[in-house]
Amino acid sequence: MSAKPHVAIVGAGNLAGALALPLSRAGYRIDLIVSRGPGAPSQRARRLAREVEASATVLAEARIRAEIVWFCVPDAAIAGAARALSKAAHWKGKVALHSSGALTSDELGVLRERGASVASVHPLMTFVKGSRPPLAGVPFAIEGDQNAARAARSIVRDLRGQPFTIRRRQKEMYHAWGMFASPLLTALLAATENVAVAAGVSRNAARKRMLPILMQTLSNYARLGASASFSGPIPRGDIETVKKHLKVLSKIEAEQNVYIALVRAALRNLPAKRRADLERILKA
């Protein structure tokens, strides 16, 4: 296709919102936003459609003419949405994409059987309500049929993202990596707030006061890597400080468990002095 293909987006949630406008700005015509049903999903679809001058409809009424169909629905809904749209288009020659990090392109197998080329295209980025992060520089893991993967790489490059190939047998581990990089990091920050509250600091104040050290830690990690960015009592071998931490954290057992798990991870992966002594303390 010499001109950029038209795109239909299935779903109107956080990811769909983050993709639609950049796709439009990159020269892709968004024909249709398809919601899973009436009510709130349909309202979100209409709002998103207005932003990119597209039409909005629901799964049961969709008629798809676009060459690219991008499924931006929850993992558990992908196969069902594909089945619901299996008769909504002549699929031969079309490209169908989904953006699950854990599931393979086989979730779109019903469309592959009807002649579509299918792929999974997952941006290694977090998408939450009220935030549309830029896609420039974002890695996109791509897996699937040759034609669909080629089209996906072209789209990602037009979005100024960074496409890379992931093998289907590695998808689940890849997604676990992403889980560590953002959702579990957020869980750690929530636990960190709990420790701050135990130290007499409010959550709002803790969040503001933590930002300088958090940002510097990320800057150090980006520039120097994990080992050279690691500081505190463990690389110094300061046994007494670790003992004191464990003692006061016994008052908030859940956070103590997080602390112990992270110290064990540090002892496995990062520089540490008096490693054997620290391991004995944790066992105790």
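Just a few scattered comments:
- Helices (runs of 4 or more DSSP H) wholly inside region 214-258 that include at least 1 residues being over 15 Å from Ala272 (Cα atoms): 239-249
- Ala45 vs. criteria surrounded by 19 or more Cβ atoms within 10 Å (Cβ to Cβ) and either within 27 Å of Ala102 (Cβ to Cβ) or among the polar types (S, T, N, Q) (or both): yes
- Answer from Val156, Val128, Val195 - the residue that is touching a residue at least 12 places away in the same chain (Cβ under 8 Å), in the same structural domain as Arg25 (by TED's automatic domain parsing), farther than 24 Å from Ser105 by Cβ and of a type in the set (A, V, I, L, M, F, W, C): Val128
- Residue within region 86-93 that is aromatic (Phe, Trp, Tyr) and under 24 Å from Met179 (Cβ atoms) present: no
- Residue in region 172-181 that is charged (D, E, K, R) and in contact with a helix residue (DSSP H, G or I) (Cβ under 9 Å, 6 or more places away or on another chain) present: no
- All positions within region 21-33 that are surrounded by 13 or more Cβ atoms within 10 Å (Cβ to Cβ) and either in contact with a helix residue (DSSP H, G or I) (Cβ under 6 Å, 6 or more places away or on another chain) or farther than 23 Å from Arg83 by Cα (or both): Leu21, Pro22, Leu23, Ser24, Ala26, Tyr28, Arg29, Ile30, Ile33
- Exactly one residue out of Val58, Val10 is touching a strand residue (DSSP E or B) at 6+ places or on another chain (Cβ under 9 Å) and surrounded by 22 or more Cβ atoms within 10 Å (Cβ to Cβ), and it is Val10.
- Of Gly225, Gly237, all but one fail to be on the phi > 0 side of the Ramachandran plot, in the same structural domain as Leu185 (by TED's automatic domain parsing), surrounded by fewer than 12 Cβ atoms within 10 Å (Cβ to Cβ) and not hydrophobic (A, V, I, L, M, F, W, C); the exception is Gly225.
- Test: residue in region 91-98 that is within 22 Å of the chain's Cα centre (by Cα), without any contact (Cβ under 8 Å) to a residue 12 or more places away in the chain, in the same structural domain as Leu23 (by TED's automatic domain parsing) and closer than 30 Å to Leu184 by Cα: no
- Those residues of region 152-178 which are among the aliphatic types (A, V, I, L, M), part of a helix (DSSP H, G or I), under 16 Å from the mean Cα position of the chain (by Cα) and surrounded by 14 or more Cβ atoms within 10 Å (Cβ to Cβ), in sequence order: Val156
- Residue count, region 259-279 (criterion: assigned to a helix (DSSP H, G or I) and either among the polar types (S, T, N, Q) or surrounded by 11 or more Cβ atoms within 10 Å (Cβ to Cβ) (or both)): 13
The values are calculated or read from the model by the stated rules, or taken from the named source; none is laboratory data. Predicted model, so just to flag it, every value in this text is computed and none were measured. Quick reminder, even Gly has a Cβ in these numbers, built from the backbone with ideal geometry, and neighbours come from all protein chains shown.
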